[in-house]
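Enquirer: Please find one structure pasted underneath; my questions will follow.
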Amino acid sequence: MAASGLFFTMRAHLLHRIPERGVNLGVKGLAMKSPAAILGLFVSAAGTLLAAALPAAAAASSVRLSVPNAASSVWDTDSSKIGVELQIMNSGIAAAEDVRVTGIDVETGAVAMPTAFPVALGSIAPQGSALFDLVISAPRTDGAIYRLTIRGTFRAAGVTRRFSLHPTVAPSVTAPSPITAESGVSTVTPGGPAIPVNPHGAARPPGFGPNAATPMLIPPGPPRTGPPPNTASPLPPTKLH
């Protein structure tokens, strides 16, 4: 047999035997016996990583943060300042732990309070909510709409996730519009007492009932100073005759 023929025969024999006997790649403790074993090793490692990541991803996707309600109030001491209170609700099925607000943006406005971040809101249980207060500065308070961006983080299944919420507020210095009276609801005239419409007793407005998921929102107001101390001299005791 020629030398070239012998070489190719030995090469084919070696390539045929490699999958059975294995090839030492020089890495201590790692010997890959066959292509099938190599593929199995990668599939097993990928399956392990996927199994570890799935619970955290599922828990994070089960948290749904939103802002269903917002209230705003223009300060009477500075009409460019608006107090805002937001209800941040978790409508998911998993708890959002260690919720923190890390930043706020105001479209065509600025944030006056808080001045330091992050702001901790604690944990928000499924179907629960937390209230977040802030003060913004805005050039117009005539009902113009301002879009807020609330950025933050929460933890779910031990993994920290980010969130971004985009509520809107429309602050106005004008008084609220008159409330239309409903059947069974009393109306109040300036300086006069409430007169029930139903002679058999006050009735609950139709279609309304208690709703624990909608708390009463009270935006933060301007700082107030208390009344000055009373420095007047006490009155002399009254003498009985």
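Enquirer: Looking at segment 64-144, which GluC sites (Glu not before Pro) are DSSP coil and have at most 16 other C-beta atoms within 10 Å of their C-beta?
Expert: GLU107
Enquirer: Rounded to the nearest 0.05, what FRET efficiency do SER62 and ILE218 have when you use their Cβ-Cβ distance and R0 = 41 Å?
Expert: Once rounded, the FRET efficiency stands at 0.85.
Enquirer: Can you pull the one-decimal nm distance between simple spin-label points at SER164 and ASP105, each 7 Å off the Cα toward Cβ?
Expert: Each label point is offset 7 Å from its Cα along the Cβ direction, giving 0.6 nm.
Enquirer: Separate question: Could you provide, to the nearest whole Å², the per residue accessible area of segment 83-181 with probe 1.4 Å?
Expert: Per-residue value: 51 Å².
The values are calculated or read from the model by the stated rules, or taken from the named source; none is laboratory data. Worth saying up front: this structure is predicted, and the values here are computed from it rather than measured. Note that each Cβ is placed from the backbone with ideal geometry, even for glycine, and that neighbours are counted across all protein chains shown. Calculation scope for accessible area: heavy atoms of the full protein, side chains included, ligands and nucleic acids excluded. Shrake-Rupley method; radii C 1.70, N 1.55, O 1.52, S 1.80 Å.
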